[in-house]
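Worksheet: the structure to be examined is printed underneath.
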Amino acid sequence: MSNVGKNIRKLRTVKKLSQAAFAELFGLARPSVGAYEEGRSEPKMETLIQIAQHFGLSVDLLLTKELTVNELYHFDIFKEQLQPPAPVPKAASLADNQQRVTPLVYRNRALEYIVRHHDPAFIDSLPVLQLPHQLSGPTRAFEVSGADMLLHRQGLRHQDIVLCSRVDKARPRLKSGSVYVFVTPGKVLIRRLTEWLEIDQLLKLRADNPDYGSQELAMSQALEVWEVRGVFTTHLRAPALLDERVAELERKMEELLERGLS
């Protein structure tokens with residue numbers, strides 16, 4: 001049995017929402033919320049996606065792991081109540097400096113992007129980033145949702161922005177170990193490629209976070225593939241544990257040398 005009922009109750013409690021208020025937020029009947037929390041039924045996939053995106057989580061995390069209060073803090077659920085929404089970048093035509101103007105897909109528009117990714121008018125209506133880069137061909141920026149690609153506080157954090165270049169599905173040049181964004185009919189998926197079986201047209205993927213299992217994806221299931229070439233983050237990352245140990249050893253060596261010379 002999944003943990004979705006427990007997680008819905010915890011999310012609702014943290015956000016101080018009654019069952020009725022939670023139900024109204026997602027267009028549900030109040031008894032349905034009670035049934036979810038008591039484990040008598042589970043939400044439809046469409047509802048799960050809406051809940052996950054609203055709270056900045058992944059569907060996998062919502063289903064498979066019982067969330068803790070610390071994890072909810074990590075996903076900025078409390079901070080979002082206190083901070084005003086970030087200003088939306090001004091939309092601009094893609095004809096203006098094609099190399100440097102990048103359409104931005106916020107996590108709360110991921111489903112809309114899946115449906116309308118092929119519509120030039122929709123792409124032109126997206127907010128844009130203007131970044132100094134030398135990437136050739138079309139580019140996209142995606143807001144990261146969840147902690148799938150985060151390990152020991154290193155990697156892609158929730159609400160980071162990844163800058164991507166398009167992969168030609170007809171002649172894909174994929175590199176094992178690189179991170180890609182896969183636009184699929186169900187979600188926008190960010191994963192590291194472990195193996196590309198070109199003959200079978202099969203992708204073997206994994207998340208950097210070990211709480212998420214590895215998976216396979218047929219290339220035919222991917223509506224679009226984007227290679228992650230950079231990341232914009234507002235988080236100041238702490239040094240890795242290995243870096244800290246090396247720095248400490250260097251300090252001790254300097255102290256020993258100073259003592260030997262004195």
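No lab work stands behind these numbers, since they all come straight from the coordinates. Predicted, not measured: the structure shown is a model, and the values here were computed from it. Cβ coordinates were reconstructed from backbone atoms using ideal geometry, including for glycine residues, and neighbour counts include every protein chain displayed.
Restricting segment 1-60 to trypsin sites (Lys or Arg not before Pro) that sit in a DSSP loop and have at most 11 other Cβ atoms within 10 Å of their own Cβ leaves Lys16, Arg40, Lys44.
Of the residues Glu112, Glu143, the one with the fewest other Cβ atoms within 10 Å heads the list, and the complete ranking is Glu112, Glu143.
Taking 0.36 nm per residue of separation and subtracting the current Cα-Cα distance, fully stretching the chain between Glu112 and Ser125 would add 3.5 nm. Ignoring aspartates and glutamates fewer than eight residues from Lys175 along the same chain, the ones with Cα atoms less than 19 angstrom from its Cα are Glu195, Glu198, Asp200, Asp208, Glu216, Glu224, Glu227.
How many angstrom lie between the Cα centre of segment 185-228 and the Cα centre of segment 130-154? Answer, in whole Å: 16.
As a rough guide to protection, the peptides 144-150, 216-222 ranked by mean Cβ packing within 10 Å, highest first, stand as 144-150, 216-222.
Within the straight-line cut-off of under 13 Å between alpha carbons, the aspartates and glutamates reachable from Lys15 are Asp76, Glu80, sequence neighbours fewer than 8 places apart in one chain being disregarded.
About the centre of its Cα atoms, segment 103-262 shows a dipole size close to 260 debye [charges on the beta carbon of Lys, Arg (+1) and Asp, Glu (-1) only; nearest 20 debye]. Subtracting the Cα-Cα distance of Thr47 and Thr13 from 0.36 nm times their residue separation leaves 10.4 nm of extension gain.
Here Lys187 is the anchor, and the lysines within straight C-alpha reach of less than 21 Å, apart from those fewer than 8 places off in the same chain, are Lys44, Lys65, Lys169, Lys204.
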